[in-house]
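Trainee: One structure is given below, represented as structure tokens, and several questions about it will come after.
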Amino acid sequence: MNWDEFSDWGAKIAEWAQDYHLTVGDNPVRARTEPGDILNALPARPPERSQAMEEIFHDFEQIVMPGITHWQHPRFFAYFNANASAPSVLAEFLTSAIAPQCMLWQTSPAATEMETRMMDWLRQALDLPTGFAGVIQDSASSATLAAVLTMREKALNWQGNQQGLFGQKPLRVYCSAEVHTSVDRAIWVAGIGQENLVRVPIQGDWRGMDPQALETAIQADLDSGYQPTGVILCVGGTGTGAADPVEECLKIAQKYGLYSHVDAAWAGSAMICPEYRHYWEGVEQADSIVFNPHKWLGVQFDCCAHFLKDPDDLVRTLAISPEFLKTHGKDGIINYSEWSVPLGRRFRALKLWFVIRAYGLEGLRERLRNHITWSVALHDRLKAESDFEITTNPMWSLWTFRYAPPGSTDLDDLNLRLVNAINDDGRIYLTQTRVDGDLVIRFQAGQFETTQADVQMAFDVITEIARSLN
Ligand SMILES: *Cc1c(COP(=O)(O)O)cnc(C)c1O
């Protein structure tokens, strides 16, 4: 395959992709394969000789596509969505054709300067105050790791990278049990240790951290000779959409001089709508905030927006400047690789530019508002059915339920069977979580091409399959 054949194949694949997106709703959402099916269909040895693109593409359709779970399916209601809107896919096509490395300003000035501008567009879209600077990370997990490393270095007076943690007081980080597992992993990788991740109890309908309990935990640690280091809050937790009381918790963090990080990976996108911002009131007091345009904002994975009140803390933690990376004579420029753990960086700002311009903020808001409205309407309908229980109320477009027909005993088993049967059926895709120990089923809507009819269909599928279980 040579570049002079590229445009033929490019056109063919563009046509294939358009057709795929227009008809993806006709497929079962979750892949119907058994473990090993795809592995066994792939030759055990690599080819020694060149193969024709026709053959490669044929096998892609025959072998790969049957093993794909369709994340762009309009009735994908599992996990959180990972939207790839049409303008975003086009931007990614261009990015992969140019394939620039964007680690330093000089290695791609357009990428760096567009990243600065796009992060400021997002800052305005979320109504965060001027002064917050931003960087695009590959994932929320990476942003959270960067924030945890920063809080560690600050607490150690910038000596941790040099001296390691040996002989230091144990560093303590506070969060609720509703945060994403990426927080645990950041704590492991940063050398802080799981035992020093303190779980503060939650309270109330939003399942948010109890601020008084936070202060009590910090005090107890100070009394025991530990070093309180940082607070990690969640706004829109993965299980049930839990939201910590940001303002009260950040006041306590500030009182004790602790670095703060807010994980709004999913729900942050909804903050482009003023009516949902009460869920994170006070967020402008945070040191670090993360949200993923690659979830609900239509921007293809990967694209994670990381805002920093003072990027110098992050850069002081992560910048490393060997001679070959120095850009002499270009003072005042940003080298974004100093803001993240990996050195190499993709040109991710381009797809934000395409998406925000192609939809406009109003177009994006309209989609999110529809998802939330339709999801809440489904919740209202299911709530009215006497054999179903709502287990957590809607937080944005996410809520949980379980099937609890009168006289049934093992509800965990019944609901696990229900979610499996629904996913085997294939018309919709749901996942389960636990609420106070009980197995419950999550519903969330957020796919870009989802319609009201798609969400309504979930009611028929859920009730029909549940009542046929016995
Ligand atoms: C999805 C999610 C993450 C992880 O995001 P990645 O970008 O995949 O690392 C972290 N926190 C929350 C609340 C999430 O919903």
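The values are calculated or read from the model by the stated rules, or taken from the named source; none is laboratory data. Everything numeric here is computed off the predicted structure, so don't read it as measured data. All Cβ positions, even for glycine, are placed from backbone atoms using ideal geometry, and neighbour counts span all protein chains on display. With ligands, DNA and RNA removed, areas are computed over all heavy atoms of the protein, side chains included. Shrake-Rupley method; radii C 1.70, N 1.55, O 1.52, S 1.80 Å.
Trainee: Return the pair list, or none, for Cβ contacts closer than 7 Å from residues in the range 155-171 that are assigned by TED's automatic domain parsing to the domain that holds Thr229 and surrounded by 12 or more Cβ atoms within 10 Å (Cβ to Cβ) to residues that are outside any helix (DSSP H, G or I) and of a type in the set (A, V, I, L, M), at least 6 apart or on different chains.
Mentor: Listed pairs, sorted by first residue: Ala155/Leu171; Gln168/Leu156; Leu171/Ile192.
Trainee: Out of everything in the range 104-132 that is of a type in the set (A, V, I, L, M) and under 11 Å from Asn335 (Cα atoms), what residue ends up being modelled with the highest pLDDT?
Mentor: Residue satisfying both the conditions and the ranking: Ala111.
Trainee: Moving on. Tell me which residues, restricted to the range 119-144, are open to solvent by 40 Å² or more (accessible area, probe 1.4 Å) and among the hydroxyl-bearing types (Ser, Thr, Tyr).
Mentor: Looking only at the range 119-144, we keep the residues that are open to solvent by 40 Å² or more (accessible area, probe 1.4 Å), and these are 120-121, 124, 127, 129-131, 138, 141.
Of everything in the range 119-144, those that are open to solvent by 40 Å² or more (accessible area, probe 1.4 Å) and among the hydroxyl-bearing types (Ser, Thr, Tyr) turn out to be Thr130, Ser141.
Trainee: Any residue in the range 290-306 that is without any contact (Cβ under 8 Å) to a residue 24 or more places away in the chain sitting within a Cβ distance under 6 Å of a residue that is within 8 Å of the ligand (Cβ to nearest atom) and not hydroxyl-bearing (Ser, Thr, Tyr)? List the pairs, counting only those 6 or more apart or interchain.
Mentor: none
Trainee: Looking only at residues that are hydroxyl-bearing (Ser, Thr, Tyr) and under 30 Å from Gln456 (Cβ atoms) in the range 41-81, which one is most open to solvent (accessible area, probe 1.4 Å)?
Mentor: It comes out as Tyr79.
Trainee: What residue, of Ile136, Ile202, Ile187, is over 23 Å from Gln254 (Cβ atoms), touching a residue at least 12 places away in the same chain (Cβ under 8 Å), in the same structural domain as Thr112 (by TED's automatic domain parsing) and within 16 Å of the ligand (Cβ to nearest atom)?
Mentor: Among Ile136, Ile202, Ile187, only Ile136 is over 23 Å from Gln254 (Cβ atoms), touching a residue at least 12 places away in the same chain (Cβ under 8 Å), in the same structural domain as Thr112 (by TED's automatic domain parsing) and within 16 Å of the ligand (Cβ to nearest atom).
Trainee: Might you check whether a residue that is more than 28 Å from the chain's Cα centre (by Cα) and open to solvent by less than 60 Å² (accessible area, probe 1.4 Å) occurs anywhere in the range 20-32? Let's see the steps before the verdict.
Mentor: Our first condition is that a residue be more than 28 Å from the chain's Cα centre (by Cα); within the range 20-32, this holds for none.
Checked against the condition, which is being more than 28 Å from the chain's Cα centre (by Cα) and open to solvent by less than 60 Å² (accessible area, probe 1.4 Å), the range 20-32 yields no hits at all.
Trainee: A further question on this structure: Which numbered condition in (1) touching a residue at least 40 places away in the same chain (Cβ under 8 Å); (2) more than 26 Å from Leu90 (Cα to Cα); (3) among the basic types (Lys, Arg) is the only one that Lys12 fails?
Mentor: Going through (1) touching a residue at least 40 places away in the same chain (Cβ under 8 Å); (2) more than 26 Å from Leu90 (Cα to Cα); (3) among the basic types (Lys, Arg) one by one, Lys12 breaks only (2).
Trainee: Output the qualifying pairs, or none if there are none: Cβ atoms under 8 angstrom, residues six or more apart or on different chains, first residue in the range 384-395 and assigned by TED's automatic domain parsing to the domain that holds Thr373, second residue assigned to a strand (DSSP E or B) and open to solvent by 50 Å² or more (accessible area, probe 1.4 Å).
Mentor: The qualifying pairs are Thr391/Asp438.
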